[in-house]
Amino acid sequence: MLKTLAGLGRGGLQALECLGRAHLLLVGILGGLPDLLMRPRPLVLQIHDIGVRSVLIVAVSGLFVGMVLGLQGHHVLSAFGAEESLGLMVATSLVRELGPVVTALLVAGRAGSALTAEIGLMKATDQLSALEMMAVDPVRRVLTPRFFGGLVAMPLLAAMFSTVGVMGGWFVGVGLLGVDDGAFWSQMQFGIDWDGDLRGGIVKSLVFGVLVSWIALFQGYDALPTSYGVSRATTRSVVHSALAVLGLDFVLTALMFGE
Amino acid sequence: MLDGVDLDIRRGLVTAIMGPSGTGKTTLLKLIGGQLRPDAGTVAVEGRDVHRLSRRALYRLRTRMGKLFQTGALLTDLSVFENVAYPLREHTGLPESMIRKLVLMKLEAVGLRGARDLMPAQLSGGMARRVALARAVALDPTMVLYDEPFTGQDPISVGVLMSLIRHLNDACGLTSILVSHDVEETTSIADYIYILANGRVMASGTPQQILTGRSDWVEQFMRGLPDGPVHFHYSAPGLEQDLLR
């Protein structure tokens, strides 16, 4: 019993220590922002690496999610004779929830894991130490551009996911199942508003951008400098990001849309 | 890991720190570079305690300090040219034409001017270390730290690295600290040697003094004898006792 309690205490202390290290790293990363604004080229490269290279997976996923929403939505709505609301249903689901959440999960899997592995390997091969010895702060020079690259890329990717998803829903609903084209778009235009839906989706994807980038970079920076350590860190990066995104999505939804 | 170690590194010399693996040689280099903080004691470079310096002052000191890592530690997403140019771009604000000339001169010094466009993945281990050496001296430091530069190198690469370390030290008036357990290579280029074991200085002197020393331990290390004061077997209970358990 005592051993279990001691183990729990140790685990708790380790978790707190880890959280402390993660926050200190975040402070260091944010401290590099003025430098980054003076020399924005690394940021542009990272937006390309994290954002542009994720376009294909995000667009294809968005298309299929939208098509599935079109099918499922039509099935449910037609039972009530409300097929004309299909556009509104698809767009609301995508803009409020699926766009930000699924994009964050996809980015965590594709770019987040790559970031963790890259930073972990840089640590294992002494590249970060070499930067320190060249009097260059590796956090500011290497981590800060990646963090803000993820932060900028996430809402853009989420917007693309939602846009392509709406087109997928339209293709299935209007093109295949015969929903009226005008009703599809007009219901969407009428029902989706800036304050409640679009801004909420953008805020969510920005928060998820911070979360996924932070977790990925911290896991890489904190990894044991061995192949086993990097592999464990990469797995942890994806798992922690997914859980954090889903958990925080609930909190954000409750705050933004709760009664 | 280190206990009561007292070293005096003289300006302008190649000072070697030797000893078996795991005795704290690399840790010592990290202490000198301010990458690790000692629990007790001081590390003074140019008369100033490295660990009492502000972050800014430490970074300023590091611009006068080059380090060659065991793995080379080249930035893998940059070409050979860009790796050597990196510290110059970060710290000098020189125009691009001047940086190009300086980089080519540094690469010429290590014999790799022709490899400027290669990526680190295209280099052999020896070439990677030579590029890393060019990068380490890019800012014309006053001190260069070498961490196991000969490990895993073929004889030609070892010969090239030995010659480079010695000649760069003499030509540029550097102070070199060479951490290694390669006896023959190190004794042939070092001016002074410290031998560390179990976190302590076991012997020190010129290569000649070390090679003719009378300590059993030093003799075992320098001649690579498998058994002696450092036992072949790691500490364990008796074999019979272990097998019959």
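Please treat every number below as a calculation from the coordinates, not as lab data. This one's a predicted model, so the numbers in the text were calculated from it and none came from an experiment. Neighbour counts run over all protein chains shown; Cβ positions are idealised from the backbone, glycine included.
For the stretch A:70-102, a tally of residues being surrounded by fewer than 23 Cβ atoms within 10 Å (Cβ to Cβ), among the small types (Gly, Ala, Ser) and closer than 15 Å to A:ARG199 by Cα returns 1.
Each row is one residue, and each column tells you yes or no for (1) surrounded by fewer than 19 Cβ atoms within 10 Å (Cβ to Cβ); (2) touching a residue at least 60 places away in the same chain (Cβ under 8 Å); (3) more than 27 Å from B:MET1 (Cα to Cα); (4) of a type in the set (S, T, N, Q).
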{"site": "B:VAL50", "(1), (2), (3), (4)": "no, no, no, no"}
{"site": "B:GLY72", "(1), (2), (3), (4)": "no, yes, no, no"}
{"site": "B:GLU90", "(1), (2), (3), (4)": "yes, no, yes, no"}
{"site": "B:GLY114", "(1), (2), (3), (4)": "yes, no, yes, no"}
{"site": "B:ALA134", "(1), (2), (3), (4)": "no, no, yes, no"}
{"site": "B:GLU148", "(1), (2), (3), (4)": "no, yes, no, no"}
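Looking at A:ALA153, is it touching a residue at least 40 places away in the same chain (Cβ under 8 Å), in contact with a Lys or Arg (Cβ under 9 Å, 6 or more places away or on another chain) and either buried (at least 19 other Cβ atoms within 10 Å of the Cβ) or over 30 Å from A:ARG41 (Cβ atoms) (or both)? In short, no. Scanning the stretch B:17-32 for residues that are within 14 Å of chain A (Cβ to nearest Cβ) and either in contact (Cβ under 8 Å) with a residue 60 or more places away in the chain or β-branched (Val, Ile, Thr) (or both) yields a count of 4. Scan (1) of a type outside the set (Gly, Ala, Ser); (2) in a loop (DSSP other than H, G, I, E, B); (3) over 24 Å from A:THR125 (Cβ atoms); (4) more than 14 Å from chain A (Cβ to nearest Cβ) for the single condition B:GLN153 breaks and write down its number. B:GLN153 satisfies every listed condition except (3). For the stretch A:24-42, filtering for residues that are more than 19 Å from A:LEU211 (Cβ to Cβ) and surrounded by 14 or more Cβ atoms within 10 Å (Cβ to Cβ) leaves 3.
Let's see how each residue does on (1) crowded, with 19+ Cβ neighbours inside 10 Å; (2) of a type in the set (A, V, I, L, M):
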residue: B:LEU94; (1), (2): no, yes
residue: B:GLU108; (1), (2): no, no
residue: B:GLY111; (1), (2): no, no
residue: B:LEU118; (1), (2): no, yes
residue: B:GLN122; (1), (2): no, no
residue: B:ARG129; (1), (2): yes, no
residue: B:VAL137; (1), (2): yes, yes
residue: B:THR142; (1), (2): no, no
residue: B:LEU145; (1), (2): yes, yes
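When the stretch B:215-245 is limited to residues that are polar (S, T, N, Q) and part of a loop (DSSP other than H, G, I, E, B), the one that is nearest to B:ALA197 (Cα to Cα) turns out to be B:SER215. Scan the helices (runs of 4 or more DSSP H) fully inside the stretch B:33-115 and keep the ones with 1 or more residues being under 21 Å from A:ASP126 (Cβ atoms) and more than 9 Å from chain A (Cβ to nearest Cβ). Output list reads B:80-91, B:96-109.
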